[in-house]
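Everything on this sheet refers to the single structure shown next.
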Amino acid sequence: MTDNHDQTNAANKDLAAKNKRLGIILGLVAASFYIGFILAFAK
Amino acid sequence: MSEAVAHDDHHDHKPTGIGRWLFSTNHKDIGTMYLVFSLIMFFVGGAMAMVIRAELFQPGLQFVDPQFFNSMTTVHALVMIFGALMPAGVGLANWMIPMMIGAPDMAMPRMNNMSFWILPFAFTLLLLTFFMPGGAPAGGWTMYPPLVLQLGDGFPFLIFAVHFLGVSSIMGAINIIATVFNMRAPGMTFMRLPLFVWTWIITAFLLIASMPVLAGAVTMLLTDKYFGTAFFNAAGGGDPVLFQHIFWFFGHPEVYILVLPSFGIISQVIPTFSRKPLFGYASMVYATASIAFLSFFVWAHHMFTVGMPLTGELFFMYATMSIAVPTGVKIFNWMATMWKGSMTFETPMLFSIGVLFMFSIGGFSGLMMGITPVDFQYHDTYFIVAHFHYVIVPGIIYGVFAGVYYWLPKWTGVMYDEKLGKLHFWLSTISVNVLFFPMHFIGLAGMPRRIPDYNTIFTGWNQIISIGGFAFGLSQLILVWVVIKCARGQGEKATDQVWESAHGLEWTLSSPPPFHSFTTPPQVTDATAHS
């Protein structure tokens, strides 16, 4: 039972890390589009 | 997530009081909040439309001054697009995506809460402008400079409201992508995903690619007004037409951000009530992706009349027409799904068929406008107003209605009142056509859009249009009554399956579903998957 619980917690932590990583990557993509568009037209 | 999984494991209870909503991390509660917010905004934006139609009932100035009339057209559009349509789609996504893919919640529940609560804050900023010197935005929802720069104290409020709305949408999009990519149940491969989920993945990528462009454009407006830059100021070496290019580079994908979830909903509803699997599942996925991809190459068809090289006009004309191909694939696939099916016509099916017929009317008038030389005749007339309202009202809002009627018994555990649902459909459908179809005639005859007064020859049609508008507005009260009845538990108890031919994981849950669903991921096979 305890082993099972530990495994579930480890899997949850792994999933949380994956979600966070993907969220950060997508957030950076959006932020770079935003800044890129402004810089592209700045003279 | 995983906060969500851990939460489910240890505290399977429903929070109570105001805290349940303020601090909610539950996808169902957040979905409900999005949908309620959307409904409120639908009536706020609708009330503005009523002011417009009351003013236009007769030529001359009746009730409001021209400045306020312009504010009505501008804020009506902003409220409907960003306050009613987008939150409705996100609300349905929040409710249904985790249940459809066998996940316990959205990937980032706290960010989900934040995405929602930014919205009321942003709309407070926007609507406060009505009480400021200079009034509310009145230069059109497209915010073209230099006109928009003439706005008074409300200008920074408008700009920050748009920024916040963009942030909220991007956070929601990231959450949806992370949820679908990382939290699908075992066996739920991408080609087994329900079409509604597919349309939302593609919509989420569109949001991430296009919302920062809008945010960038309005930031440039802000710096032009307050920090001495000249992005769009011709006197300083800038170009006001550049704003139009940037705006519509966002604006056209935005149309698909709104319409693709509606396509996803009717792709769930039509097979259920035709008692057949969706025809051409894979081609539907590829057609949706193609529409999204092509939407980034057609923006200048909104601005043919500003002047551009002939090569540019030809490119944008052909690119625009090419979108009809994947759209046609979808329309024919829906028709093929219904072909020889054992069809029944419950309210969700009626609204879905309404989308099919009337979105096509808007699609065909869109093709007409895509033809550059004739667009010079249509530009800035009521023909354009007719076109995009056919796309938005029966094309998108009807899709949302179809989804609400389809899933309401699952959400509440109570069957909605079918008689009232059908009454809502037929009154809406008659009135929406009385409202928008004659706009084609007066547009072709030369009535310009965004004016509070008009030539007396347009009086008759305008009166008919206004009557259609009031009738459509009143018809929506039926929906409110239907939803209230279900929410109060008045009606026949819904079964878990709800619709005899519905397929998918969401129908394996109880009606209403438990507060925390799929705490143990289900195993998905071909037999249980949608496709």
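Read-outs throughout are calculated quantities, based only on the coordinates presented, and are distinct from any laboratory measurement. This structure is a prediction, so every number in the text was calculated from the model and none was measured. Cβ sites come from the backbone with ideal geometry, for glycine too, and all protein chains shown count toward neighbours.
Put simply, the amide H of B:Gly187, placed in the peptide plane, has neighbours under 5 Å in B:Val524, leaving out anything fewer than 5 places away on its chain.
Taking each residue as 0.36 nm, the span from B:Ala230 to B:Arg488 lengthens on full extension beyond its C-alpha to C-alpha distance by 87.3 nm. Dipole of chain B computed with +1 at Lys/Arg Cβ and -1 at Asp/Glu Cβ about the Cα centre; of B:Leu420, B:Met321, B:Gly460, farthest Cα towards the positive end is B:Leu420.
Protection proxy ranking for B:211-221, B:342-352, using the average of other Cβ atoms within 10 Å per residue and placing the highest first: B:211-221, B:342-352. Relative to the dominant Cα principal axis of chain B, helix B:418-444 is inclined by about 20°. Distant-in-sequence amide contacts of B:Val414, defined by a placed amide H-H separation under 5 Å and a gap of 5 or more residues or a different chain, comprise B:Ala494. Per residue of peptide B:215-221, the mean number of Cβ atoms on other chains within 10 Å of the residue Cβ is 4. Scoring B:74-85, B:38-49, B:378-389 by mean Cβ neighbours within 10 Å over their residues and listing the highest first yields B:74-85, B:378-389, B:38-49. Quick one: helix B:398-412 against the long Cα principal axis of chain B, what's the angle to the nearest 10°, folded into 0 to 90? Result, in degrees: 30. Compared with the dominant principal axis of the Cα atoms in chain B, helix B:459-487 is inclined by about 20°. In chain A, a dipole from Cβ-located charges (positive for Lys and Arg, negative for Asp and Glu) runs towards its positive end, and of A:Gly36, A:Gln7, A:Ile25 it is A:Gly36 whose Cα lies farthest in that direction. Pairs exceeding a 18 Å alpha-carbon distance, out of B:Lys276/B:Lys410; A:Lys18/B:Lys28; B:Lys330/B:Lys422; B:Lys276/B:Lys419; B:Lys422/B:Lys485; B:Lys410/B:Lys493: B:Lys276/B:Lys410; A:Lys18/B:Lys28; B:Lys330/B:Lys422; B:Lys276/B:Lys419. When chain B is described by a simple charge dipole with +1 on each Lys and Arg Cβ and -1 on each Asp and Glu Cβ, the residue from B:Pro261, B:His503, B:Phe164 located farthest towards its positive end is B:His503. The residues neighbouring B:Leu509, those whose beta-carbon lies less than 12 Å from its own, together hold a net charge of 0 under the Lys/Arg +1, Asp/Glu -1 convention.
Averaged over peptide A:9-20, the number of partner chain Cβ atoms lying within 10 Å of each residue's Cβ comes to 5. For the peptides B:390-402, B:21-33, B:319-331, the ranking by mean Cβ contacts within 10 Å, running from highest to lowest, is B:390-402, B:21-33, B:319-331.
Summing -39500 (n - 2.57) over the DSSP H runs of n ≥ 4 in the protein assembly as shown and dividing by its residue number, what mean residue ellipticity at 222 nm do you reach, to the nearest 500 deg cm²/dmol? Display every interim value, and only then the final one.
Numbers: 19 runs with 381 residues, N = 574.
Dividing the helical sum by the residues of the protein assembly as shown leaves -23000 deg cm²/dmol.
Mean partner shielding of peptide B:102-113, defined as the number of other chain Cβ atoms within 10 Å of each residue Cβ, is 1.
Once backbone amide H atoms are built at 1.01 Å from N, B:Thr381 has B:Arg449 as its partners under 5 Å, excluding neighbours fewer than 5 places away on the same chain.
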